[in-house]
Amino acid sequence: MNRSRISARVRRIKPSPSTAAADRASALKREGKSIVSLVVGEPDFDTPAHIRAAAARAMEKGETRYTVLAGTLELRQAIVAKLKRENNLLYDPAEIVVTNGAKSAIYSALEATLEAGDEVIIPAPYWVSYPDMVLACEGIPKLVACPESQGFKISPAQLEAAISEKTRWLLINSPSNPTGASYSAAEYRGIADVLARHPHVLVMTDDIYEHIRFDGERTPHLLNAAPELRERVLAVNGVSKTYAMTGWRIGWIAGPADLIGALNTLLSQSSGNACSISQAAAVAALTGEQSFVGETVATYRARRDRTLARINAIPGLSCRPPDGAFYLYVNCAGLIGRTTPAGTRLDNDGDVVMYLLEAAGVALVQGAAYGLSPFFRASIATSQTALDEGTDRIARAVAELR
């Protein structure tokens with residue numbers, strides 16, 4: 001029998017498109033080409049000094065051994081305090097599990113709860129990894145297209161239509177990657193009213209961008225609008241985006257005891273506890289001085305406003321102002337059907353992105369990777385100099401289309 005050496009669960013998924021785009025940009029740079037990369041969703045700031053110092057102290061004190069699987073009590077207490085202080089959500093440390101990043105938290109939660117054939121409702125545009133994580137756990141991603149005209153957010157009517165007997169999860173990311181769209185308390189209430197009619201549906205909230213918000217307000221949580229859903233919600237978050245700690249790999253999940261217990265069991269046989277040094281650093285991030293957060297959000301907002309204006313001045317491109325996160329999801333419908341100087345027709349957003357990379361040296365990610373075309377995503381988590389150069393190059397390349 002000619003059996004594949006690779007499991008079916010891995011063969012049904014694909015590599016991350018954003019990672020592939022970043023790798024392609026890096027390869028072109030190594031070849032000596034001038035590339036402005038607007039791909040990576042990672043803060044371009046250093047982790048604050050007091051957080052780095054806390055990690056150094058932990059090492060000097062010998063805090064380099066295994067921790068309790070769910071995370072150190074000190075970190076879980078800090079998370080509990082953060083949820084109460086910032087989100088008005090009450091949890092016990094026993095209802096928290098610390099993971100190796102928020103991505104691991106989401107995957108592990110799916111692995112712990114999905115049976116083969118279970119459905120997960122994912123509003124599109126979505127973070128590129130959501131559908132493939134569901135597939136890897138033998139679930140079925142049920143993608144719901146949420147057009148720009150409705151702010152890239154799922155409506156109660158769409159949610160109602162998507163729910164079936166097989167639905168296990170609704171996955172919500174607010175503010176979102178890639179659009180920056182953020183649900184209001186009233187919009188959450190509308191979603192909750194639908195969920196009230198379907199008690200078998202659980203909800204996972206990916207809150208990783210909650211602090212990167214441009215209106216000066218706190219990001220509302222689903223459980224603020226609908227506290228009655230508490231026993232059906234897993235709230236996922238981490239320190240990576242807010243505190244420029246992507247490489248430290250600290251995420252967490254807050255939720256009901258039975259789900260947290262299942263996650264602890266799964267993690268005990270898979271990844272084990274998160275890095276002890278990183279956990280000490282995360283405590284300092286959550287409990288220490290917070291001025292870094294406001295300063296970086298102000299920088300992102302200035303970049304958003306300037307780059308948005310430059311993009312919207314390019315004929316054929318338009319972009320809705322994002323509520324938060326650090327991305328622009330650019331509508332490129334006006335370029336579809338046009339022809340490059342080499343005579344190639346641009347038939348979709350993948351063609352647009354490839355043209356801008358090869359002809360202009362600007363690396364972006366096509367909207368198809370996020371489940372909604374014709375768009376492309378540009379990260380503003382880079383210097384304004386790079387953003388200005390990138391938009392200048394895009395404008396010149398677009399002007400050469402016929």
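The values are calculated or read from the model by the stated rules, or taken from the named source; none is laboratory data. Model, not experiment: these values are computed from the prediction. A quick note on method: Cβ atoms are made from the backbone with ideal geometry, for glycine too, and the neighbour counts reach across all protein chains shown. Each accessible area value is taken on the protein alone, full model and side chains, heavy atoms only, with ligands, DNA and RNA left out. Shrake-Rupley method; radii C 1.70, N 1.55, O 1.52, S 1.80 Å.
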May I ask you to list the residues in region 385-402 that are under 26 Å from the mean Cα position of the chain (by Cα) and under 27 Å from GLY337 (Cβ atoms)?
-> GLY390, THR391, ILE394
Any chance GLU217 is under 30 Å from GLU42 (Cβ atoms) and at pLDDT below 95 | yes
List, please: which pairs have Cβ atoms under 6 Å, are six or more places apart or on different chains, and start with a residue in region 289-306 that is of a type in the set (S, T, N, Q) and end with one that is assigned to a loop (DSSP other than H, G, I, E, B)?
-> THR296/PHE45
Contact list, first residue from region 332-353 and modelled with pLDDT of 95 or more, second anywhere and among the β-branched types (Val, Ile, Thr) and open to solvent by 50 Å² or more (accessible area, probe 1.4 Å), beta-carbon distance below 7 Å, six or more apart or interchain, is LEU346/ILE336; ASP347/ILE336; ASN348/ILE336
Only residues that are over 30 Å from ASN237 (Cβ atoms), in contact with a Lys or Arg (Cβ under 6 Å, 6 or more places away or on another chain) and surrounded by 18 or more Cβ atoms within 10 Å (Cβ to Cβ): list them for region 304-354, please.
-> LEU346
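Residues are listed down the side, and each one gets a yes or a no for (1) at pLDDT below 95; (2) of a type in the set (D, E, K, R); (3) open to solvent by 20 Å² or more (accessible area, probe 1.4 Å):
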{"residue": "GLN158", "(1), (2), (3)": "no, no, yes"}
{"residue": "ALA162", "(1), (2), (3)": "no, no, no"}
{"residue": "SER176", "(1), (2), (3)": "no, no, no"}
{"residue": "TYR183", "(1), (2), (3)": "no, no, no"}
{"residue": "HIS200", "(1), (2), (3)": "no, no, yes"}
{"residue": "ARG230", "(1), (2), (3)": "no, yes, yes"}
Among the listed residues ILE253, ILE191, which satisfies the condition of being without any contact (Cβ under 8 Å) to a residue 40 or more places away in the chain, at negative phi and of a type in the set (A, V, I, L, M)?
-> ILE191
Which one is farthest from the chain's Cα centre (by Cα), of the residues in region 100-140 that are among the aromatic types (Phe, Trp, Tyr) and part of a helix (DSSP H, G or I)?
-> TYR107
TYR91 vs. criteria aromatic (Phe, Trp, Tyr), surrounded by 13 or more Cβ atoms within 10 Å (Cβ to Cβ) and not in a helix (DSSP H, G or I) | yes
For region 1-88, which fully contained helices (runs of 4 or more DSSP H) count at least 1 residues that are within 30 Å of PRO220 (Cβ to Cβ) and open to solvent by less than 90 Å² (accessible area, probe 1.4 Å)?
-> 17-30, 49-60, 73-87
Give me a count of the residues in region 202-228 that are open to solvent by less than 10 Å² (accessible area, probe 1.4 Å), without any contact (Cβ under 8 Å) to a residue 40 or more places away in the chain and assigned to a loop (DSSP other than H, G, I, E, B).
-> 1
Return a yes/no flag: does region 133-155 have any residue that is under 30 Å from SER7 (Cα atoms), crowded, with 23+ Cβ neighbours inside 10 Å and touching a Ser or Thr at 6+ places or on another chain (Cβ under 8 Å).
-> no
Pick out the one residue from GLY294, GLY288, GLY247, GLY255 that is modelled with pLDDT of 95 or more and under 22 Å from VAL120 (Cβ atoms).
-> GLY255
State which residue is farthest from GLY272 (Cα to Cα) when the search covers only region 94-123 and only residues that are of a type in the set (A, V, I, L, M, F, W, C) and open to solvent by 10 Å² or more (accessible area, probe 1.4 Å).
-> ALA116
How about region 359-396: which of its residues are under 26 Å from SER129 (Cβ atoms), assigned to a helix (DSSP H, G or I) and open to solvent by 10 Å² or more (accessible area, probe 1.4 Å)?
-> ALA368, ALA369, ALA386
Just one of (1) under 22 Å from ALA81 (Cβ atoms); (2) more than 22 Å from the chain's Cα centre (by Cα); (3) of a type outside the set (Phe, Trp, Tyr) trips up CYS275, so point out which.
-> (2)
Note on region 233-275: residues in a helix (DSSP H, G or I) and crowded, with 20+ Cβ neighbours inside 10 Å are TRP248, LEU259, ILE260, LEU263, LEU267
Scanning region 313-330 for residues that are under 22 Å from ASP206 (Cβ atoms) and assigned to a loop (DSSP other than H, G, I, E, B) gives ARG320, PRO321, PRO322, ASP323, ALA325, PHE326
